[in-house]
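A short write-up of the structure that comes next.
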Amino acid sequence: MRSRDEIKAFLKRMNRFDGSMVQKACEFATFAHEGQLDKSGQEYVQHPTRVANALDKQYNDAIITTIAFMHDVIEEGNMTTSDLMLYFPEVVWKCVDILTRRNSLGRDDYIKKIGENFITTKIKLADLEDNMSIVGNNLKSDKDYERYDRYQKEFNYLSSRLAEFRTTLAECEQDTETYANYFM
């Protein structure tokens, strides 16, 4: 995990970054997860990259792709919401904050909180889908099976929430920027 001094130096370099919002998010994720490995021994940054690529392909929405790249930078990368506030629109840092699990919040409450937001629900579904594909291919212990079952339960719950959003929100409200402007 990055030290605050490393993060401050990175943020200073980002002041000169001239790429798109999505490119900036990729830089944040790459920096935050450098040297980290996932449960299967792969570079951790591959996970948010897969999630972002899947969501980009599905929605072709720069805000969703940006959030997906950064969905773990606070929880796993030692960054703060304040760090993100300096470089990204409000909808981005608010969604990353919602997607960050705090120790004070139980897992079920965390998933319910995500399910209260149309945007974070989409991102967490892709996150869980990626997690299930990794865990599902490496089921070795009872703990792995329990984790997979928990992911499946959470995926089913959030899938039902997404379906509810799609039936209760007007079509124009399902646009990411419109949703953020009205509901966040």
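Read the figures in this text as sums done on the coordinates, not as results from a lab. Computed from a predicted model, the values in this text were never measured in an experiment. Here the Cβ is made from the backbone with ideal geometry for all residues, glycine too, and neighbour counts use every protein chain on show.
For this structure, a couple of remarks:
- Phi angles of segment 124-132 translate, via the Karplus equation with coefficients 6.51, -1.76, 1.60 and θ = phi - 60°, into HN-Hα couplings of 5, 4, 5, 4, 5, 4, 5, 4, 5 Hz per residue; Gly and Pro are given as x.
- Whole-Hz Karplus values for segment 168-184 come out as 9, 8, 5, 4, 5, 6, 7, 5, 4, 5, 5, 4, 4, 5, 8, 10, 10 Hz, taken residue by residue from phi with 6.51 cos²θ - 1.76 cosθ + 1.60 and θ = phi - 60°; glycine and proline positions read x.
- Using R0 = 25 Å, the C-beta based FRET efficiency linking MET14 and MET184 works out to 0.55.
- Descending semi-axes in Å of the chain, equivalent ellipsoid built from Cα gyration tensor: 24, 23, 14
- In the chain, helices alone account for a calculated mean residue ellipticity at 222 nm of -21000 deg cm²/dmol, with every DSSP H run of four or more residues adding -39,500 (n - 2.57).
- Per-residue Karplus couplings for segment 142-151, computed as 6.51 cos²θ - 1.76 cosθ + 1.60 with θ equal to phi - 60°, are listed in order as 4, 4, 5, 5, 5, 4, 4, 4, 5, 4 Hz, Gly and Pro entered as x.
- In terms of other Cβ atoms within 10 Å, GLU146, GLU43 run from fewest to most in the order GLU146, GLU43.
- Across the cross-link table entries LYS8/LYS140; LYS8/LYS124; LYS12/LYS39; LYS39/LYS113, which are compared at the Cα atoms, the separations over 30 Å belong to LYS8/LYS140; LYS12/LYS39.
- FRET E, pair CYS172, GLU116, Förster distance 22 Å, beta-carbon r, rounded to 0.05: 0.60
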